[in-house]
Structures are given as structure tokens and as C-alpha cells.
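Inspection log for the structure reproduced underneath, given as C-alpha cells.
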Amino acid sequence: MADGNYGAVFLMAVTILVFLVPIFIIFPPIPVEPSDALRQTHSKLGLPPHQSNLPSQHTSSTQEPPQSARKPAIKSLFVYPVKSCRGIELERSKVLPSGFEHDRLYTFAQLRPQKTAPPGTQAGQSHAWEFLTLRQLPLLANVKVDVWLPDASKKSRQLGPPDATRFVLVRFPWQAPGWRGTVQSLAAKLSRGLGAVPEKQFLLPLDFPSREEIEARGYEFADVKIWMDVTQALNMSRDLPPELATYLGARHQLAIFRSDPSNRRRVFRCAPRRETLGYQPVVDFQDAYPIHLLNLSSIRALESRMQKDESIQTLDARRFRGNIILSGAEEYDEDEWKLVQLKKSSSMQEDHVIFDVSCRTVRCKLPNVDPATGVRHRVEPDRSLRKHRDVDEGAPNMGCLGMQLCPLFPNTDSPEQLESYVEVGMDVEVLKRGPHKYIKQSA
């Protein structure tokens, strides 16, 4: 009798399951994410995590003194399509007058009251957009960014062949309340591993929208302040899910801005002039210069003098958000570089790219944020940088680590000639050495 009851229960469970499966397929309890659709027609830019070139950054091979006969070489390359969010590691990158292709195209900003109101307005009534980084919102470190490019080899039965649209997909941890959140958590763990958490996603265009798209989407141009600069950019806040501001803990109204390629900020200060380069360097939402270079040996040297505790034992190079990460150079040797050539030789040809090494990178407290967790350390590595790397008379009482670069192009007669490429494994040849003196940004 008991066996019959068990059989009936089993039959009933199978019947219910067979009935529910097609319903869940047609009406899934979790909405189909943009990334699920993009996989059908697009491919993701960059290296998957398991193919990263950085896992060995803490091994003994990167800490041994470089051999005199061995040239420094590119260890890793990164772009950051959304400022202060997770970067994308690359094997190869296009170099433009504004820096690496796809780098710092977007920035988050907050609407804050101005300390002094413009003439004709009452104090406290005037507001302005100011850019945001990990310094204000450390949880930006947990916001992941993917670039999806059309893949001609893919063709979806449901979606057809891919179009030419390129996307930036932004993902951040978010779980709905109640049973739906429980299902989301289970689905995340089944699809991405036991440590995975539910995410919310939203899409942005990789390319700057057309006038028709701007009007159709209701985007607006507005001024946004980046350090001392004020530039006009495209406010695309209509695409932001409200949950993001909650997750980040934003205290003011949150927006996301797209840099206008027709209105980039020109770079002067320590950068070479148009008379030397044939063009004036420009940036999107980089802090000051097109490209940031780091030397792993210098990071390890700083790490050796850092005061360690239970929450910080090593320094991940990603804390310093460089575009080019080198291995094989003497510690702090880059401090005296003025002109460098990156080259890759083959039996048929020699490819090379030349960069002006414009100045040292003066560090703020942003590297105190762990890029893997979004947790901010109270003092390190900022304390060690100020103590051991106060090396530039133009930036007294500040710590320096890394160098700022401007690319040089052999031909500058047309925009098409203002591009080159760098890739992992390229050797670094120092063409010129000399002193540096940082020039602060004027108000």
C-alpha cells in the first residue's frame, strides 16, 4: 500500500513538472537578460578571466631582479569603458590620440549644490554635475562592464544575423525581494558557479548616438565637472535602472554621461604641443592624459614597504587602473623615461609604437579601494605612497606611481593615420631619459 502511495506521488510530481516546464519556457520566472540575447549575435571583447595575464603578478618570476640583457615587455593591457568600474583585459588594443580605443567613454556623475552660485541666482539654488569615482563610491569596483561586438559568424534563428550595433553592457549585484530573489540566486549559482550572486543589467551604446537617437531616447547635453575641467557631454540617465543608485549608496542624484567625440578635452600641462606631435592630445573621461603606464616591479617595491594588516597583504596592479602594465623593468626606472618605443619584431617586419612619457602619475586615495571587493582600506597604499614616493617637486607631499603617456604617430596628415596598435609581449625600448616635473591643473 505504501509503495502504491509513493508511486502515485511520483507520478503526480512528474505530471506537474511536465506541465510546468513549457510554462516556464514561455513565461520564465526570471526575465531573459540582455547578455543572453547578445550571445546569439555578438562576441564579448577581451580575455576571459581564466586567460588573464595577471595571475602571475605576485609570483617569484615577477619579483626577481630583471636581467640586464632582458628588455621590459608588456605584461597586460586594460581598458575601462566606464570610469572607475571593472576593466576589460585585452591582448591587443588600438591606440588613438585620445588613448586606447573604448577607454573611459562613460562616467557616472552626481548632481550637487554649487558652493558659490553664479550671478543672478540665489545661493543653494544652483546645482552642477560632478564626476564620480571609487573615491566617493567604492562599490563601483563591483560594477562589471562588457563590450559586445557584432560577430558575422553567428546567426540566431530568432534574432537573425547580427546588425552593426555595438553595445556596452553594465552589470551590478542585485537581488529582488521574496521568492523571485531566491530563484534569481539559485539561477545565478547554477549558471555561473556557487559563488555567483544575482545581477541586474542594462545596455548602453558603444558608439556615440546619432542626433535622431538622442531625440528618440530623450538624452540631453549637459556640463559635467572633471577635476577642474568642465566639459559638455551627453546625459544618458534615462538608461540607468534606479536600483544602481541604491546599490552604490549614492547620496545625490545619479547620472551617466557619454563623452562627446566632437568635444573632447584637450591636454596641455606636461603634454607635448601640436608643433611637436602634429596634433594636440585629447581625452574622453581620463583624469588628465590619454594613457597610463605601470611597472610591476615598482608596485612590488611599494608593497614591500607597505604596512600590512589582515585586510591588505599584497597590492594588485589593478588598484592603480593602468592601461599598460609592464614586467621586467627595474623598480621605479620609469621615473626617468621621456620617450619610449614599444615594438614587436618578426622575420617579415617590425611593428613599433612611440610614446611621449609626459609626467609621473600623482596618486589620490582611489587605490585604497580593493578592485576585487570594493572594500576601502583606511590608509593603504596611500600612506606608503606619500611616505616613500614623494619624489616629484611639482607635487609636494603627494605619492607618485606610474607614468602618463601621449602617443606619437609618424603621419598626421589625416585622421585615419592617427592610430596604431599595441599588444601583450611587445618589448619596451627607452629612447630618451630625463627629469620630470609635474604641472598641476590650474583652476
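Brief remarks follow.
- Radius 10 Å from Cβ of Lys44, net charge of other residues (Lys, Arg +1; Asp, Glu -1): -1
- Quarter of the Cα convex hull surface for the stretch 276-337, i.e. its orientation-mean projected area (nm²): 6.0
- Cα-projected label distance for Ala37 with Leu431, points at 7 Å along beta-carbon direction, nm: 4.7
- Over the stretch 383-436 - Rg/Rh using Cα atoms and the Kirkwood inverse-distance radius: 1.12
- Estimated FRET transfer efficiency (Thr276, Val197; beta-carbon r; R0 41 Å; 0.05): 0.25
- Computed from backbone phi, the HN-Hα couplings of the stretch 262-267 come to 8, 9, 6, 7, 7, 9 Hz, rounded to whole numbers (Karplus: 6.51 cos²θ - 1.76 cosθ + 1.60, θ = phi - 60°; Gly and Pro given as x).
- Separation of the Glu419 and Gln232 label points, Cα + 7 Å toward Cβ, nm: 2.7
- Chain lengthening between Arg180 and Ser52 when straightened (0.36 nm per residue, less Cα-Cα): 42.7 nm
- Over 31 Å between alpha carbons, listed pairs Lys83/Lys387; Lys83/Lys189; Lys200/Lys387; Lys189/Lys365: Lys200/Lys387; Lys189/Lys365
- Legend: translational diffusion of the stretch 190-241 by Stokes-Einstein, Rh = Kirkwood radius over C-alpha pairs, 37 °C, 0.692 mPa s; D = 235 µm²/s.
- In summary, the aspartates and glutamates within cross-link reach of Lys225, defined as a Cα separation below 12 angstrom excluding same-chain residues under 8 places away, comprise Glu130, Asp287.
- Protection proxy ranking, highest mean first, for peptides 231-238, 289-296, 369-376: 289-296, 231-238, 369-376, where packing is the per-residue count of other beta-carbon atoms within 10 Å, averaged.
- Taking every Cα-Cα distance in the stretch 220-379 and sorting them into 10 Å bins from zero, the calculated P(r) comes out as 8, 26, 31, 24, 9, 1 percent.
- Amide N of the stretch 131-146 lying under 17 Å from the label point, which is placed 7 angstrom from the Cα of His252 along Cα→Cβ: 131-138
- When the convex hull of its Cα atoms is projected in every direction, mean area for the stretch 284-397 (nm²): 9.0
No value in this document is a laboratory result; all are computed from the given coordinates. Please read these numbers as outputs of a predicted model, since none were measured by experiment. Methodologically, a virtual Cβ is constructed for each residue, glycine included, from the backbone with ideal geometry; neighbour enumeration extends over all protein chains shown.
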